[in-house]
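Working notes for the structure below.
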Amino acid sequence: MVGLRQRRSSPIARAFVQSLFDQAQSRCEQGPSRQLGIFDNKIAVHFSRADEISDLIANAFNLSAPSGAQTTTNLYVVRLSGDGIAFPDFEWAREWIEACEPIPTAVTSPYRVFFDRNQGVIYCYDEFNHSAVIVLRSAQEIDSRSLITPFRLLWSWIASAQSVSIVHAGAIALGERGILLAGPSGSGKSTLSFGVATSSSGLFAADDCVAVSTTRAHAVYSRVKLASDTKTEIMGSTVHRVPDHLPEAHQAKPYLQITGNEHWFLRGVELAAIVFPVIAGQTGHYRLEARQAQRMLTKDSQRELFGGSPRDTIRLAKLAGALPAYRLLLGDNLGTNIRALEDIVGR
């Protein structure tokens, strides 16, 4: 029955997505645009209007594209309320909306679609024309916490089309040797990666989301989330907060704009090892077998992306097979933990 339903839904689904693309492109013709870069890819982001929400989103990706890079993707950002979007019927998608799952590509091909009920966002990506649409609720309805490091699933779709994988991991460099810090939330990745930068032991690329191509890691966001009690300045840089009047702003973490801090921020790094930290009460490390590292990396790094795609799984398995991998036991002393990292990469 599911297969029959998918075949009946396909023409309706494609018409739904095409309608959103047509309307979004029209609404963004006179709006502001921003260029951003991931590896050698330039992504043009077009907004229907200029306001706090647009600025909050645009400044999350303040990574300029390399000189001479060609635009590989156009992204259009519109509001369901206020932009005059005529929302097509979506009863065909009810099953996946209620389950909070991306709609199978068999239903929407060549498009990929996800209705994010929790954050009030609809993602659409055209795999053939390399263009994307984001439909947001009004500023009064959207959860502003989701806009600090937003749209990971959409970025994973865009990146995968360029043979790049978006990974739930951090990336740092000790000397010239890059380290991918992988593992589930709460394993200590963020504290360790940002601690490396603030202690002047190395350079920071990302603490929670990174783009990986072959064995090179690249920053996705130009921000890093901080602990809720963080003061107003870190290492001479201002700590920012979501404007108070936006929804859920009081629960949003403060953040740091890391571009412009080239003395400790590294946009991309060649990886020399994969490290899986875990809070253990004492510091230590040991080597992992390649097969174990492959299982851990593909499981943990794709969890927030609904398992990723088969292509992502293959790329990450190759990465884990190409690099030495270690389990890092984290104790209470940051300096001791960093020295263990240095031992791993032979610094």
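What follows draws every value from the coordinates through simple rules; no lab data is involved. This is a predicted model, so every value here is computed, not measured. Methodologically, a virtual Cβ is constructed for each residue, glycine included, from the backbone with ideal geometry; neighbour enumeration extends over all protein chains shown.
Okay, here's what the table says:
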| read-out | value |
| --- | --- |
| Among A227, A217, A206, residue whose mean-square fluctuation peaks in a GNM of the chain (springs only between Cα atoms under 10 Å) | A227 |
| MRE, 222 nm, helices only [DSSP H, n ≥ 4, -39500 (n - 2.57), over the chain, to nearest 500] | -8500 deg cm²/dmol |
| Relative contact order (percent, whole number), the chain, Cα cutoff 8 Å, 6+ residue spacing | 15 percent |
| Signed unit charges on C-beta, dipole axis of the chain, positive-most listed residue Q35, V45, I314 | I314 |
| Lysine pairs meeting the criterion (Cα under 19 Å, 8 or more apart or interchain), as found in the chain | 6 |
| Highest to lowest packing among 266-278, 155-167, scored as the average C-beta count within 10 Å | 155-167, 266-278 |
| Axial C-alpha extent at least 30 Å, average Kyte-Doolittle at least -1.0 - helices from the chain (DSSP) | 2-27 |
| Electrostatic dipole magnitude of the chain [Cβ: Lys, Arg +1; Asp, Glu -1; Cα centre; debye, to 20] | 860 debye |
| Packing rank of 280-287, 170-177, where each peptide gets the mean count of other beta carbons within 10 Å, highest leading | 170-177, 280-287 |
| Separation in nanometres of the label points that stand 7 Å from Cα toward Cβ, at I12 and E248 | 2.9 nm |
| Gyration tensor verdict on the chain (Cα atoms; rounded if a/c is under 1.5, prolate if a/b is larger than b/c, oblate otherwise) | prolate |
| Equivalent ellipsoid dimensions for region 26-173 as semi-axes, Å, which come from the Cα gyration tensor, largest first | 23, 19, 16 |
